[in-house]
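The values are calculated or read from the model by the stated rules, or taken from the named source; none is laboratory data. Since this is a predicted model, take the numbers as computed values, not measurements. Cβ atoms come from the backbone with ideal geometry, glycine included; neighbour counts cover every protein chain shown.
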Amino acid sequence: MSDCIFCKIVSGDIPSKKIFEDELCYAFYDINPQSDVHFLVIPKTHDMQAVKDINEANSNVVAHIFEVIAELTCEMNIDSYRVITNCGEGAGQTVKHLHFHVLSGDNLNENLV
């Protein structure tokens, strides 16, 4: 999608601090980190805007993203972390492209579920 910031990051039109890339997903550091470690992992295609768009035909991409998250956190020696996805504007989703925030560090709020 031409106006999606994440699609522009994947295409290289907008620079990012890339951590990982393969044929299915792209991982990069958040430009406004909310914890000591804060990166996002996104599908490279725009066919899923939120969790509601996951189905039998594309759920393999989401499974792969979680495998990548496990690999990256292991490589970074991160034992404790949160994976958060916001679904809809009322939940704080600002980019309508499925994405997973990975956060870790001493400054995570324990009261956040």
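Annotation note: Cβ proximity below 8 Å between a residue of segment 48-66 that is in contact (Cβ under 8 Å) with a residue 40 or more places away in the chain and a residue that is among the charged types (D, E, K, R) (sequence gap 6+ or interchain) occurs for GLN49/LYS96; ALA50/LYS96; ASP53/ASP47.
For segment 20-61, taking the residues that are within 30 Å of ASP106 (Cα to Cα) and of a type in the set (S, T, N, Q), the one that is surrounded by the fewest Cβ atoms within 10 Å (Cβ to Cβ) is identified as ASN32. Of everything listed in (1) closer than 21 Å to SER2 by Cα; (2) of a type outside the set (A, V, I, L, M); (3) touching a strand residue (DSSP E or B) at 6+ places or on another chain (Cβ under 6 Å); (4) part of a loop (DSSP other than H, G, I, E, B), the single unmet condition for SER35 is (1).
Quickly run through segment 1-20 and pick out the residues that are touching a residue at least 12 places away in the same chain (Cβ under 8 Å) and either of a type outside the set (Val, Ile, Thr) or part of a loop (DSSP other than H, G, I, E, B) (or both). Those that are touching a residue at least 12 places away in the same chain (Cβ under 8 Å) and either of a type outside the set (Val, Ile, Thr) or part of a loop (DSSP other than H, G, I, E, B) (or both): MET1, CYS4, PHE6, CYS7, SER16, LYS17, PHE20.
Residue check: PHE66 meets all listed conditions (1) more than 21 Å from GLN93 (Cβ to Cβ); (2) in a helix (DSSP H, G or I) but one, namely (1).
Within segment 64-113, the residues that satisfy the criterion of being at pLDDT below 95, more than 22 Å from PRO43 (Cβ to Cβ) and out of contact with any strand residue (DSSP E or B) (no Cβ under 7 Å at 6 or more places or on another chain) are ASP79, GLY90, ASP106, ASN107, ASN109, GLU110, ASN111, LEU112, VAL113.
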